[in-house]
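Novice: Structure provided below as structure tokens; questions to follow.
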Amino acid sequence: MTRLLIVHHTPSPATAELLDAVVRGASDPEITGVEVVRRAALAATASDLLAADGIVLGTPANIGYMSGALKHFFDTVYYVCGDDTHGLPYGLYVHGNLGVEGAVRAVTGIADGLDWRAVTAPVEVTGAPDKAALEACWELGATVAATIAPT
């Protein structure tokens, strides 16, 4: 069985809705052989990352940047796991009430530095999540899970 790690910072109802949609997509019954593991960004460890075959990252955009919690996750795993996670498939969702571009740029820059492989475009949500945003997050979770599912 492969493992999908979802590392998220979920401080609001809006980010909780997006996380739930990602988990539903990743847990779709048509995708078999994938264990979905959720970790809050402040609780996720290098061991969690090293045990993962793919990762989804979720963060609010705070003052144009990723959350401090997700930044903390990266700070704790970057040098510890960098050599062992090259090519790791990943996806990203970001929620903000204003622009999310800076947060997306920051996370994708770090993921590029780790040599992770984006398997789908980041989901960028501004304001209250609507049906399209929730569907995009469902698709994000399903796409990353299907990418790592055993064949």
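The values are calculated or read from the model by the stated rules, or taken from the named source; none is laboratory data. This is a predicted model, so every value here is computed, not measured. Here the Cβ positions follow ideal geometry from the backbone for every residue, glycine too, while neighbour counts run over all protein chains shown.
Novice: Just to be sure, is residue 132 surrounded by fewer than 21 Cβ atoms within 10 Å (Cβ to Cβ), within 17 Å of residue 9 (Cβ to Cβ) and at pLDDT 95 or above?
Specialist: No: the conditions fail for residue 132.
Novice: Could you run through region 116-142 and say how many residues are of a type outside the set (Phe, Trp, Tyr), closer than 16 Å to residue 19 by Cβ and assigned to a helix (DSSP H, G or I)?
Specialist: Qualifying residue count, region 116-142: 9.
Novice: Output the number of the condition that residue 124 fails; it satisfies all remaining conditions of (1) surrounded by fewer than 17 Cβ atoms within 10 Å (Cβ to Cβ); (2) farther than 13 Å from residue 4 by Cβ; (3) charged (D, E, K, R).
Specialist: So the condition that residue 124 fails would be (1).
Novice: Let me ask you something else. Does region 89-108 include one or more residues that are over 17 Å from residue 15 (Cα atoms) and in contact with a helix residue (DSSP H, G or I) (Cβ under 7 Å, 6 or more places away or on another chain)?
Specialist: Scanning region 89-108 turns up at least one residue that is over 17 Å from residue 15 (Cα atoms) and in contact with a helix residue (DSSP H, G or I) (Cβ under 7 Å, 6 or more places away or on another chain).
Novice: Looking at residue 112 and the list (1) within 19 Å of residue 37 (Cα to Cα); (2) over 13 Å from the mean Cα position of the chain (by Cα), which single condition is not satisfied?
Specialist: For residue 112, the failing item is (1).
Novice: Filter region 93-109 down to the residues that are in contact (Cβ under 8 Å) with a residue 24 or more places away in the chain and surrounded by fewer than 18 Cβ atoms within 10 Å (Cβ to Cβ), then identify the one that is nearest to residue 19 (Cα to Cα).
Specialist: Looking at residues that are in contact (Cβ under 8 Å) with a residue 24 or more places away in the chain and surrounded by fewer than 18 Cβ atoms within 10 Å (Cβ to Cβ), I get 97.
Novice: Report whether or not residue 150 is buried (at least 19 other Cβ atoms within 10 Å of the Cβ) and either within 19 Å of residue 12 (Cβ to Cβ) or not basic (Lys, Arg) (or both). Working first, answer last.
Specialist: Working: buried (at least 19 other Cβ atoms within 10 Å of the Cβ): no; either within 19 Å of residue 12 (Cβ to Cβ) or not basic (Lys, Arg) (or both): yes.
When the stated conditions are applied, residue 150 does not pass them.
Novice: With the structure loaded, tell me whether residue 147 is touching a strand residue (DSSP E or B) at 6+ places or on another chain (Cβ under 6 Å), assigned to a helix (DSSP H, G or I) and of a type in the set (Ser, Thr, Tyr) or whether it fails that test.
Specialist: Taking the combined requirement at face value, the residue satisfies it.
Novice: Another question, then. List pairs: first residue in region 112-123 and at positive phi and at pLDDT 95 or above, second residue loosely packed, with under 12 Cβ neighbours inside 10 Å and not acidic (Asp, Glu) anywhere in the structure, Cβ distance under 6 angstrom, at least six positions apart or on different chains.
Specialist: Final answer for the pair search is 115/86.
Novice: Let me ask another. Output the residue which, of all residues in region 45-79 that are β-branched (Val, Ile, Thr) and either surrounded by 22 or more Cβ atoms within 10 Å (Cβ to Cβ) or modelled with pLDDT of 95 or more (or both), is nearest to the chain's Cα centre (by Cα). Give the steps one after another, and end with the answer.
Specialist: So the first thing to find is which residues in region 45-79 are β-branched (Val, Ile, Thr), and the list is 45, 55-56, 59, 63, 76-77.
Checking the rest, the ones that are also either surrounded by 22 or more Cβ atoms within 10 Å (Cβ to Cβ) or modelled with pLDDT of 95 or more (or both) come to 45, 55-56, 59, 76-77.
Values: 45: 14, 55: 6, 56: 2, 59: 8, 76: 16, 77: 15 Å.
Ranking the candidates gives 56 first.
Novice: Residue 42: modelled with pLDDT of 95 or more and surrounded by fewer than 16 Cβ atoms within 10 Å (Cβ to Cβ), yes or no? Reasoning before the result, please.
Specialist: On the way: modelled with pLDDT of 95 or more: yes; surrounded by fewer than 16 Cβ atoms within 10 Å (Cβ to Cβ): yes.
Answer is yes for this residue.
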